[in-house]
Amino acid sequence: MDYVREVLAKSKRTIGIGSATASLESNFALRSLVGVQNFCDGMSEHNHLLMKTAAEILKRGPAKCLSLAEVEKADVVLVLGEDVGNIAPLVELSLRQTVRNRPELVAGETLDIPTWDDRAVREAVQGKKAPLFVATPYPVSIDEIAVRSFRGAPDEIARLGFAIANAVSPHNAPEVPGLDERIHVFAETIAGSLGLASRPVIVAGTSLRNEAVLKAAANVAAALCDVGKKDVGLFLITPESNSTGVALYEGMGIHQAVAEVERGEADTVIIMENDLARRLDPDSFRVLFEKAEHTIVLDYLRNPTTENAEVVLPAATSHESSGTIVNNEGRAQRFYAAVNPDEIIQASWKWLNLIANPHYDGTIEWDSLDAVIEAISKQVPALEPIRRIAPLARDARPGLKIPRQSHRASGRTAATAFLSVHEPTPPVDLDAPLSFSMEGETDRARVPSPLISRLWAPHWNSVQALTRFEQEVDGALRGGDPGVRLFEPVLQAEPVFYEEIPEWLPPEPGMLFVVPHHHVFGSERTSSFAPAVAERIPARYVAIGPKLAEELGAAEGQRIELEIDRVRTELPVKIVAGMAEGVCAIPYGLPDMEGYSAVPTWGRLFARAGV
């Protein structure tokens with residue numbers, strides 16, 4: 001620690017690179033240590049720009065950004081660009097519930113059938129489904145429940161969204177110039193269905209890495225509000241667990257951080273819980289570590305970033321620390337440590353606090369998580385409500401913290417019997433109103449909903465006891481659902497429309513637009529380290545349509561060359577019926593596909609000579 005403090009004291013300028021998977025508290029500690037102007041949010045350049053747009057959309061309304069439970073109440077859904085089955089599987093589950101639930105609710109209301117009478121409701125519905133429309137570059141799992149599916153490049157999908165908005169509100173939403181007949185017909189069909197809906201929902205996100213798709217989704221929602229719809233919902237899928245929260249810190253982009261190090265404007269870099277090999281192209285990654293005189297990394301997994309660092313500090317995982325994140329709904333939520341880590345392991349904000357104290361006159365000295373939360377509330381106006389998410393540690397009744405363990409927990413002595421037959425004193429947690437014990441507050445009426453650590457009631461075990469904690473069956477928790485929404489729709493606001501509509505011209509001969517294809521197993525960094533998940537990660541490939549495969553003379557599994565930015569890579573062919581014309585797809589984020597940070601972009605395919 002003394003060496004790290006000495007490095008920072010002598011540093012010309014230090015840049016801090018945060019993480020969209022780390023807590024608000026850890027990112028804030030890094031931002032406080034290096035200074036607001038030297039903080040980088042740690043997202044890839046694409047995601048940095050996309051999350052700025054997403055945060056802008058969430059802030060200005062007028063549509064409400066929905067929770068998963070609210071999505072299930074929709075009567076018409078439009079999905080723009082997202083392969084929800086691979087990117088957000090719970091969203092797919094909600095959509096499947098949506099297309100089934102809505103006709104059942106209508107049948108119950110019109111025929112006076114109680115919703116719990118499943119057999120009678122299903123008989124009345126006769127297999128009817130709520131309208132679901134999907135627009136993606138390649139086939140997705142929810143095509144099977146969709147009324148109609150559209151295939152196109154990302155900019156074509158964006159143009160479709162802008163065209164739908166114009167069809168819904170032709171007087172205010174911008175007109176799409178040069179719209180081809182295929183998109184026009186599809187847009188009119190969807191607009192007609194949305195116009196009849198009472199609870200329309202638009203689902204979009206960042207997976208295609210296309211800002212225009214986000215803006216098109218916002219325009220559709222704004223157009224529906226413009227024509228008098230009251231319950232318009234918007235569901236934006238964000239790339240990582242705390243992308244929305246980190247975006248509210250308004251840090252610099254990662255390419256700007258690398259450029260400043262390369263120019264010699266900064267000589268020291270602190271990287272927190274972030275494998276930059278997944279954020280940067282190989283050349284930028286190499287430049288950062290070659291040009292920076294000192295690199296300090298805080299992380300909990302070994303990766304290319306830790307292997308190139310000068311100093312590595314062991315950070316606690318989310319299971320070993322407490323903190324706050326902001327989900328895609330804009331709901332700030334508190335999480336708490338499930339286990340007490342070894343002494344050498346600490347939450348990132350604690351390491352940064354230890355580093356800072358001797359040289360920063362105690363200005364960011366925090367003795368507990370409560371102090372960090374209070375500092376964030378005061379210094380970042382957009383995050384002021386996080387103080388009210390849940391009771392702070394100091395709010396706990398003396399001697400009656402809420403136990404993490406069930407009163408039936410056993411084996412506490414056996415867990416440490418190899419060290420001593422005497423049961424050790426439970427560790428004290430200064431960062432949470434919870435105890436690492438089975439003793440404490442047991443009265444359900446006194447336990448706030450954000451602090452419910454287990455479900456149990458007399459005569460009810462496990463999830464069977466859930467109704468004992470709810471205001472009504474399948475309703476909100478007593479005391480309200482956990483978390484605080486940071487963005488609420490401005491109902492009186494005049495809808496504002498985005499005017500920048502992308503052009504789409506047919507690709508030049510031999511050119512293809514390369515898009516990322518996400519996988520539920522492999523595209524997410526942390527889970528890929530688990531052996532059970534690693535076994536399910538697919539091999540790398542390039543996905544093309546049957547027509548293009550025939551033109552190239554390529555068969556399934558045959559290796560062809562993909563050229564991007566004059567760099568060629570051999571990949572096996574995966575033939576996918578229903579791919580959009582002029583588009584090919586490569587897997588995103590797989591361990592052996594890192595370095596394709598330029599995707600989506602233009603590329604070429606070449607059949608291997610002699611094959």
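Structure data summary
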read-out: Pick from the stretch 528-558, criterion of a type outside the set (A, V, I, L, M) and surrounded by 14 or more Cβ atoms within 10 Å (Cβ to Cβ), ranking: farthest from the chain's Cα centre (by Cα); value: Q558
read-out: K73 vs. criteria of a type outside the set (D, E), out of contact with any helix residue (DSSP H, G or I) (no Cβ under 9 Å at 6 or more places or on another chain) and part of a loop (DSSP other than H, G, I, E, B); value: no
read-out: Qualifying helices (runs of 4 or more DSSP H) (wholly inside the stretch 328-429; at least 3 residues being closer than 29 Å to G245 by Cα); value: 348-356, 369-379
read-out: Filtered residue count, the stretch 156-193, keeping only those that are in contact with a helix residue (DSSP H, G or I) (Cβ under 7 Å, 6 or more places away or on another chain), closer than 16 Å to V79 by Cα and open to solvent by 40 Å² or more (accessible area, probe 1.4 Å); value: 1
read-out: Selected residue (only one of H407, H422 is within 24 Å of W456 (Cα to Cα) and loosely packed, with under 13 Cβ neighbours inside 10 Å); value: H407
read-out: Near pairs, Cβ below 8 angstrom, 6+ apart or cross-chain, from the stretch 212-235 (farther than 17 Å from I157 by Cα and in a loop (DSSP other than H, G, I, E, B)) to any residue that is of a type in the set (S, T, Y) and open to solvent by 10 Å² or more (accessible area, probe 1.4 Å); value: K229/S198; D231/S198
read-out: Number of the condition not met by Y596 [criteria: (1) more than 12 Å from H517 (Cβ to Cβ); (2) at pLDDT below 90; (3) aromatic (F, W, Y)]; value: (1)
read-out: Matching residues, the stretch 236-257, being buried (at least 24 other Cβ atoms within 10 Å of the Cβ) and touching an Asp or Glu at 6+ places or on another chain (Cβ under 8 Å); value: V246, A247, G251, I254
read-out: Residue tally, condition in contact with a helix residue (DSSP H, G or I) (Cβ under 6 Å, 6 or more places away or on another chain), open to solvent by 20 Å² or more (accessible area, probe 1.4 Å) and assigned to a loop (DSSP other than H, G, I, E, B), over the stretch 302-327; value: 1
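Rundown of residues vs (1) part of a helix (DSSP H, G or I); (2) in contact with an Asp or Glu (Cβ under 9 Å, 6 or more places away or on another chain); (3) closer than 30 Å to S453 by Cα; (4) not aromatic (F, W, Y), yes/no style:
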residue	(1), (2), (3), (4)
G475	no, no, yes, yes
D481	no, no, yes, yes
P489	no, no, no, yes
I501	no, yes, no, yes
F521	no, yes, yes, no
R540	no, yes, no, yes
E551	yes, no, no, yes
P572	no, yes, no, yes
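The values are calculated or read from the model by the stated rules, or taken from the named source; none is laboratory data. Computed from a predicted structure; not experimentally measured. Neighbour counts run over all protein chains shown; Cβ positions are idealised from the backbone, glycine included. Just the protein is used for accessible areas: all its heavy atoms, side chains included, with ligands, DNA and RNA removed. Shrake-Rupley method; radii C 1.70, N 1.55, O 1.52, S 1.80 Å.
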